[in-house]
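The values are calculated or read from the model by the stated rules, or taken from the named source; none is laboratory data. Just so it is clear, the structure is predicted and the values come from calculations on it, not from any experiment. Here the Cβ is made from the backbone with ideal geometry for all residues, glycine too, and neighbour counts use every protein chain on show. Ligands, DNA and RNA are stripped out before the accessible areas are found, and what is left, the full protein with its side chains, is counted by its heavy atoms. Shrake-Rupley method; radii C 1.70, N 1.55, O 1.52, S 1.80 Å.
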Amino acid sequence: MHILVAIPAYNEEGSITDVIAQVREHLPTADILVVDGYSTDRTFKLASGAGAHVVRVPSTYAIAGAVETAFLYAYRNGFEVLARMDSDGQHHARDLARIIQAVVSGWADVAVGSRYLESDSYENTLTRAIGITLFAALVSRITGKRFTDTTSGIMAVNRDVIRYVAVHHQFDYSEVEAIVILHRAGFNVREVPVTMRQRTVGTSSFTTVRAFYYVFKGLLSVMLEVFRRVRPRGTEL
Amino acid sequence: MTPRQQLIWGLGAIVLLVMVLELVRRRRLREEHTVFWLLTCAVLLSLAIWRRALNVVAQIVGTTLPLSALFGVGFFLVLLIMLHFSTVVSSLWQQSKQMAKEIGLLEEALRELKHEIHGGTPSSAKGHAGDADPDPESSLRN
């Protein structure tokens, strides 16, 4: 099985080497792709040095640019599974291995790691907690399926989803929107419980202003998504 | 509306029209983006010349002053122009993002290829990435 683990990174020199090493340990056969947002620190060098493939896309295009690039890379290079995790060391590579297994076994087309499915040990700031609860409620309502962690950055998808996302160029990727779009397209989107560490090194690119913007953009796009025409899976070619 | 007001509005519309056409002539404005500008000029000019039409518009929007009707129409047209250019900006954003993704993928493919040519497998060759460090002054950097 041809698996690609994509790790979007921006100025994560403190954690990127460890993250890559952990993925290697738990997923020895997977290819690793770091999507670097033109970091101003040594992220690019360290990731290259650790043996990962590195594609650079300006951070102006935020996480959407990085994740969409990973989808294109996976699509064009014939990967059968695309998995994604964060570069800040908060996600466990062994959780990612379980998420990938959920996709490989056919249990889900899209498996999303949820911090809240089993425990709620991960502590968040109030603003984040409100945003996460709001999105979870909204997405559950729209899809008619229970989702607990719609902003999760740890997930895996199969080849059909890779093709679907890679071919839709106009799709401005966001985690929340992706769940709704992929669910409506007919893909089986399911959550897998994961645990998450608190960030130990580096700083989050998520400032308060950005958080509000993220919530605003997410709410608008998800609510309008209901009024958009669905492109069913398999119609992209 | 007094003849003087008509003259000023009419002249204003003509000046705007000439400016738009001149920009197109110099290829500083694409024909595609002139639609709303030309529409605005045409509407303002006709309403400035054709008094009865302006009175009808004033009645429809419920004002006794034809001049405020003209302002209202002009303002609405400007909003349309701004909305139009917002869509242009959004589509430019999508296009530039698409290009950035393609350039990123090409750059990676090129780096792997160079490593292959200089010997060693691409991923192991990444170990000595010193010479692969792309131009730090790259125009893509933010």
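What to note about this one:
- Taking the criterion of being among the hydrophobic types (A, V, I, L, M, F, W, C) and farther than 14 Å from B:Q5 by Cβ, the residues of segment B:41-70 that qualify are B:C41, B:A42, B:V43, B:A53, B:V56, B:V57, B:I60, B:V61.
- Within segment A:12-29, the residues that satisfy the criterion of being open to solvent by less than 50 Å² (accessible area, probe 1.4 Å) and either within 12 Å of chain B (Cβ to nearest Cβ) or charged (D, E, K, R) (or both) are A:E12, A:I20.
- Of the numbered criteria (1) within 14 Å of another protein chain (Cβ to nearest Cβ); (2) modelled with pLDDT under 95, the one A:Q90 fails is (1).
- Residue within segment A:137-155 that is under 24 Å from B:K97 (Cβ atoms) and surrounded by fewer than 24 Cβ atoms within 10 Å (Cβ to Cβ) present: yes
- Residue among B:L77, B:L105, B:L45, B:L54 that alone is open to solvent by 40 Å² or more (accessible area, probe 1.4 Å) and of a type outside the set (K, R): B:L45
- In segment A:102-129, the residues that are modelled with pLDDT of 75 or more and surrounded by fewer than 14 Cβ atoms within 10 Å (Cβ to Cβ): A:S105, A:G106, A:W107, A:E118, A:L126, A:A129
- Scanning segment A:39-58 for residues that are facing another protein chain (nearest Cβ under 8 Å) and among the charged types (D, E, K, R), we see that the one that is least open to solvent (accessible area, probe 1.4 Å) is A:R56.
- Listed by first and then second residue, the pairs linking a residue in segment B:73-102 that is more than 14 Å from chain A (Cβ to nearest Cβ) and closer than 18 Å to B:W37 by Cβ to a residue that is among the hydroxyl-bearing types (S, T, Y) and open to solvent by less than 70 Å² (accessible area, probe 1.4 Å), with Cβ atoms under 6 Å apart and 6 or more places separating them unless they lie on different chains, are B:L77/B:T40.
- On inspection, B:W9 qualifies as part of a helix (DSSP H, G or I) and touching a helix residue (DSSP H, G or I) at 6+ places or on another chain (Cβ under 6 Å).
- Of the numbered criteria (1) in contact with a Ser or Thr (Cβ under 8 Å, 6 or more places away or on another chain); (2) within 24 Å of B:V88 (Cα to Cα), the one B:A53 fails is (2).
- Among the residues of segment B:2-31, just one is of a type in the set (D, E) and open to solvent by less than 70 Å² (accessible area, probe 1.4 Å), namely B:E22.
- The criterion of at least 1 residues that are out of contact with any Asp or Glu (no Cβ under 9 Å at 6 or more places or on another chain) and small (G, A, S) is met, among helices (runs of 4 or more DSSP H) falling completely within segment A:129-237, by A:175-184, A:208-225.
- Subset of segment A:85-101 [touching a residue at least 60 places away in the same chain (Cβ under 8 Å) and open to solvent by 10 Å² or more (accessible area, probe 1.4 Å)]: A:D86, A:D88, A:G89, A:Q90, A:H92, A:R94, A:A97, A:R98
- Those residues of segment A:17-43 which are in a helix (DSSP H, G or I) and in contact with a Lys or Arg (Cβ under 9 Å, 6 or more places away or on another chain), in sequence order: A:Q22, A:E25, A:H26
- Hits in segment A:59-87 - residues which are at the interface with chain B (Cβ under 8 Å from one of its Cβ atoms) and of a type in the set (K, R): A:R76
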